[in-house]
Amino acid sequence: MARRKEQGPWFWRGAIALMLTSVFGVFAAAAIHQPPVTDTETGCRLDRQDPAHTIILVDQSDPFNATDLDWVRSLLDGEARGLERYGRLTLMVPNSASPFDPVTVYSVCSPGSAAEANPIFQNPKMIAAAWEKKFHAPMMEKADEALRDTVAPSSPLMEAIYTIGDRPDFQSQVPVRKLILVSDLMQHSPGFSMYRSGADAEAYAATELSTMTPGLENVEVTARIVPRQEYALPLTDVKLFWLDWFGATGADYSSVR
């Protein structure tokens with residue numbers, strides 16, 4: 001009977017090296033998937049490296065009917081679900097009492113959806129539960145509170161947008177920035193009012209507001225125009241006014257009715 005060949009020292013050295021490499025590989029993979037340190041209240045990264053920031057400005061100066069409320073909720077839900085992990089979602093409303101101080105209703109970062117979970121290192125069911133409890137449910141609750149407050153004496157949209165452009169968490173270091181306006185787009189404030197001057201570019205150019213340009217370069221801006229039974233001005237004129245206005249800011253602007 002043939003004698004079994006014994007393994008030489010190089011075999012065992014190679015086996016040990018392979019084992020050590022595998023162990024270090026597991027630790028390295030775990031280190032790569034180690035989540036960054038986040039704020040306990042907002043879930044946002046403490047190093048402020050937000051991968052994305054979506055701001056939704058809801059102009060509730062006129063009442064929303066039940067259909068409006070439904071599609072606004074659907075819009076918020078869709079934006080929340082499409083946001084990548086650690087991306088920030090901020091819900092704001094204009095402030096008639098202090099036009100350059102829009103009210104932040106909600107500003108929280110997504111903990112990530114179950115679809116983004118790595119099944120080797122994470123539990124998708126726990127990820128889904130955390131996303132709903134810490135992010136989605138509080139957002140919808142805050143949104144409902146804001147949408148119920150449906151009457152305001154003015155609509156200082158421009159002033160709110162100027163302030164949004166100055167937010168430190170909405171600057172060019174954030175790779176993906178989106179601004180969504182939910183409004184009938186009727187600017188109405190002491191600085192400039194379309195109810196007094198119409199959607200008149202020359203009338204606007206004569207105001208002090210026209211000397212200020214919000215920092216929105218490369219920001220994706222979408223206006224979701226709230227349907228009204230009757231508009232104070234031709235909607236085409238209003239759309240063209242805002243198209244020119246946002247064009248001067250460097251934003252990528254579109255409007256949807």
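The values are calculated or read from the model by the stated rules, or taken from the named source; none is laboratory data. As the structure is a computational prediction, the values presented were derived from the model and not from experiment. FYI the Cβ positions are ideal-geometry reconstructions off the backbone, even for glycines, and counts take in every protein chain you see. Ligands, DNA and RNA are excluded from the accessible area calculation, which covers all protein heavy atoms including side chains. Shrake-Rupley method; radii C 1.70, N 1.55, O 1.52, S 1.80 Å.
Ranked by the mean number of other Cβ atoms within 10 Å of their residues, highest first, the peptides 213-224, 154-165 come out as 154-165, 213-224. The packing ranking, built from the mean of other Cβ atoms within 10 Å per residue, places the peptides 71-78, 201-208 in the order 71-78, 201-208, highest first. Bridging of K125 to lysines at a Cα separation below 16 Å is possible for K133, K134, once same-chain residues fewer than 8 apart are set aside. Please find the FRET efficiency linking D200 to E145, where r is the Cβ-Cβ separation and R0 is fixed at 30 Å, and quote it to the nearest 0.05. Between D200 and E145 the formula returns 0.25.
Surface calculation, 1.4 Å probe, protein heavy atoms: K142 sits at approximately 90 Å² accessible. Available extension along the chain between S74 and S96 is 5.3 nm, counting 0.36 nm per residue and deducting the alpha carbon span.
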